[in-house]
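Taking it in order: structure first as structure tokens, then the write-up.
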Amino acid sequence: MFRLVVLDPGLLDRVRPTAPSTIWRGALRDAGFLAEPPGATPVERQFRGVRVELEGMDKAETNVTVASQPVSWLVGGVPKAVIWGAVALFLVLTLISQITDVFSVYVTGLFRPLIAIVGTPVLLTPLALFGLGWTVWMDVRRRAFGVESESERQRHGRNLYAHAEALSFETFLVPSGSVLLVSAPHLAWLVHRLRDLRVNRPQEPTPEREELVFELGALRDQMEAALRAAASGAVPAPEALQCDICRLNERFAALHVPPDRSGEGARLAAELPKRAAGG
């Protein structure tokens, strides 16, 4: 006995590669793409690729958030450079105090405050200039890091969409413990076309339309029966979940049925016949 997890290729219409990882994670979970089959077949590597790219997107988004903050410790902790800078400032001020004490032995009167007034800027100006240069350099690095992290986030989004697309368009039944992972794009295509025909039913249906509805319904019922058998442990061959998409798509296109306004299944409808034809 298996618990069936049937992938939902409608994910490709609901989520764009540019979507944030929180949107991706929820959509992937609901559509069944976050499964973890243990093997190393091409399909199982695609599932692993989904998780790897999602983790990479999480990390890249964190880096983008950190890089967007002018003061880095607002999103993390006090950088070590700040601590060492405070120690260096303390040492410099201590050194100034010692130098002033040494000169005070030889200098009297009004020359003492004059030395302090002149000597302090002389000693602190290089430190201040160094600090200013360091701040500018860190800000330049922060901005460059932000651009690089955003580019990396977009790359993970594109790769994630590609993995989801590869799983959505391939027919397979993969056991994973007590779960049977199923991708049945042909069945999804049949369900979508029957939906379109039902929503756009004319007052006087043509014989061609009724014949197509009957054939699509029969194929859908056969595939759903195969899935019920699979849940009982009689796992069918992938061919039991496939049909002649190219021929059926030509007959459906000849009826000029308007597409669903929600866009659900649009990506599958556009690409599956091409892939079935080897395009």
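The values are calculated or read from the model by the stated rules, or taken from the named source; none is laboratory data. What you see is a predicted model, and the numbers here were worked out from it, not measured in a lab. Cβ atoms come from the backbone with ideal geometry, glycine included; neighbour counts cover every protein chain shown. When the accessible area is computed, the model is the full protein with side chains, heavy atoms only, and any ligands, DNA or RNA have been set aside. Shrake-Rupley method; radii C 1.70, N 1.55, O 1.52, S 1.80 Å.
Key figures
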read-out: Check: region 190-279 dipole with +1 on Lys, Arg Cβ and -1 on Asp, Glu Cβ, in debye; value: 280
read-out: Loop-resident sites, region 218-250, for GluC sites (Glu not before Pro), counting at most 15 other Cβ within 10 Å (DSSP); value: none
read-out: Accessible-area order (highest first, 1.4 angstrom probe) of the listed residues Met223, Met1; value: Met1, Met223
read-out: Difference of contour (0.36 nm per residue) and Cα-Cα distance, Cys246 to Val52; value: 66.4 nm
read-out: Region 145-279, accessible surface, carbon-and-sulfur percent (1.4 angstrom probe); value: 53
read-out: Accessible-area ranking of Ile23, Ile245, largest first, probe 1.4 Å; value: Ile23, Ile245
read-out: Mean Cβ count within 10 Å, highest first, over the residues of peptides 37-48, 53-64, 176-187; value: 176-187, 53-64, 37-48
read-out: Accessible surface of Val6 - all protein chains present, 1.4 Å probe, nearest 10 Å²; value: 70
